[in-house]
Structure formats: structure tokens, C-alpha cells
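The values are calculated or read from the model by the stated rules, or taken from the named source; none is laboratory data. These figures come from a predicted structure and were not determined experimentally. The area values use the complete protein model at the heavy-atom level, side chains included, leaving out ligands, DNA and RNA. Shrake-Rupley method; radii C 1.70, N 1.55, O 1.52, S 1.80 Å.
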Amino acid sequence: MAVSVRMNPLMEKELELAAKRQGITKSQFIIDAVERALGRKNPAALYYKVMGEPMQYKVSEDGQDDDLPAYKAALRQSLRTEHARQQDEYAVYLAQRAAAEGTARRKAA
């Protein structure tokens, strides 16, 4: 069903630009706005639904590489080593930052 809407030229230009930013037509933009206003479409509810669902992937914590082919076991070990190195670097960074902030506070006092 076709519906005609009258609006001032400035609002129509804003509508056109907003629809263009989203990559949709002006008609689709208006339909989306009406659906939200009627409570049929709630982006916040969808966000909370998605964020509340548990993740569907599993990460093995036991570290059993015996069942893996050699190249996968080697890759996994390499990734673990790199992860541990990055964690250590980050811990050093945090310690340095805390020390620098402490020094700055003492100078300011």
C-alpha cells in the first residue's frame, strides 16, 4: 500500500542523507522508523538477546595435543608461546604505567 507523507524540504534532505548513510532507500528508512515506533522492531532487545546467548565455540583448556596432527600441535604450541609472551609484555606495561602515574601524583602533590 502506498502512503504519501508531506514534510519540509530540510527534513526530507536529512531523511535522504540518513538513508544514504545506512545504504537503504528513503522508503525503507521510513518503514524501519515506523516499525520501531510501533514496537515491532527493537534494536536494543535484539542486542540483549544476542549478548545473552552463550558462545557456540569451545576452547580446550586441557592442552591435549596428542590427538592432533603434528603441524596443528606445533601451531597450537606456537600460539600458546606467543600468547604467554604478549601477556608478560602487557603485565610489564601495566606496571610501568602504574609507576609513572604514581610518580606524576607525587610531583603534583
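Data for the structure
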{"quantity": "Among residues of segment 20-53, those that are among the hydroxyl-bearing types (Ser, Thr, Tyr) and under 16 Å from the mean Cα position of the chain (by Cα), counted", "calculated": "2"}
{"quantity": "Residue in segment 15-28 that is open to solvent by 100 Å² or more (accessible area, probe 1.4 Å) and part of a loop (DSSP other than H, G, I, E, B) present", "calculated": "no"}
